[in-house]
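Asker: Dropping the structure in here first, questions after.
The values are calculated or read from the model by the stated rules, or taken from the named source; none is laboratory data. Predicted model, so just to flag it, every value in this text is computed and none were measured. Here the Cβ positions follow ideal geometry from the backbone for every residue, glycine too, while neighbour counts run over all protein chains shown.
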Amino acid sequence: MKTLSIDIRRAEPSDARAISDAHRSSWQQAYAGLIPHKPLRQMVERRDEAWWRKATRGSATMLVVDVAGVVAGYATLGLNRARGLPYDGEIYEIYLLPEYQGIGLGSYLFTEARRLLTSLGCNGVVVWCLEDSDVAGRFFRSHGGEDVAEGMEDFAGTQLRKLGFVWR
């Protein structure tokens, strides 16, 4: 019998290509039809392998979920950027390759990201998602998040509403 290894670990510069691939695939799936095509394409193209290599060395913490040596997804996290919300931590992004969605890996990665922020002394966590992203909204609600804030995100002149979910 073979054992499948699933690990959550800090991203390394050598993960940049795999993170770039996960970003591209997950964003194209998650945002096609929500974010206008041209700005979506530009955002995905801007975050190429070199961009992610630099990001792994940046100030935000980046985690990857590694399934038997394959980077199936990533999360970025750090201090809350929304000064109007009284929570210390923020998960900036959490995405999985489409073929790894729906099997619990997102929950595992999300739980580990929140646990890390708590271990670093953060009191409360914020996560933002587009209001029209039903999958993201359901995910955060199913994990106990309360949507307590709203904002707007601009995509090349198209304004989209976003929701801020919190965990106290």
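Asker: Out of all the residues in region 52-87, which are of a type in the set (G, A, S), touching a residue at least 24 places away in the same chain (Cβ under 8 Å) and more than 25 Å from Q29 (Cα to Cα)?
Answerer: A82, G84
Asker: A follow-up question, please. If I go through region 1-42 residue by residue, how many of them are farther than 16 Å from T76 by Cα and assigned to a loop (DSSP other than H, G, I, E, B)?
Answerer: 8
Asker: Here is a further query. List pairs: first residue in region 88-105 and modelled with pLDDT of 95 or more, second residue aliphatic (A, V, I, L, M) and in a loop (DSSP other than H, G, I, E, B) anywhere in the structure, Cβ distance under 8 angstrom, at least six positions apart or on different chains.
Answerer: Short answer, once both residue conditions are applied: G89/L120; E90/A82; Y92/A60.
Asker: Taking A113, is it touching a Leu at 6+ places or on another chain (Cβ under 6 Å), in a helix (DSSP H, G or I) and either basic (K, R) or within 25 Å of V67 (Cα to Cα) (or both)?
Answerer: Here the answer is yes, as A113 does meet what is asked.
Asker: Among the residues of region 1-16, which ones are of a type outside the set (V, I, T) and under 17 Å from I94 (Cα atoms)?
Answerer: Answer for region 1-16, where residues must be of a type outside the set (V, I, T) and under 17 Å from I94 (Cα atoms): D7, R9, R10, A11, E12, D15, A16.
Asker: Give the residue, chosen from A22, A32, A50, that is modelled with pLDDT of 95 or more, crowded, with 18+ Cβ neighbours inside 10 Å and small (G, A, S).
Answerer: The conditions single out A22.
Asker: For region 9-41, name all the residues that are touching a residue at least 24 places away in the same chain (Cβ under 8 Å), of a type outside the set (G, A, S) and within 26 Å of D134 (Cβ to Cβ).
Answerer: I19, D21, H23, W27, Q29, Y31, L34, I35, P36, K38, P39, L40
Asker: Could I ask something else about it? Is region 93-101 home to any residue that is assigned to a strand (DSSP E or B), more than 21 Å from S25 (Cα to Cα) and within 16 Å of the chain's Cα centre (by Cα)?
Answerer: No, that holds for no residue.
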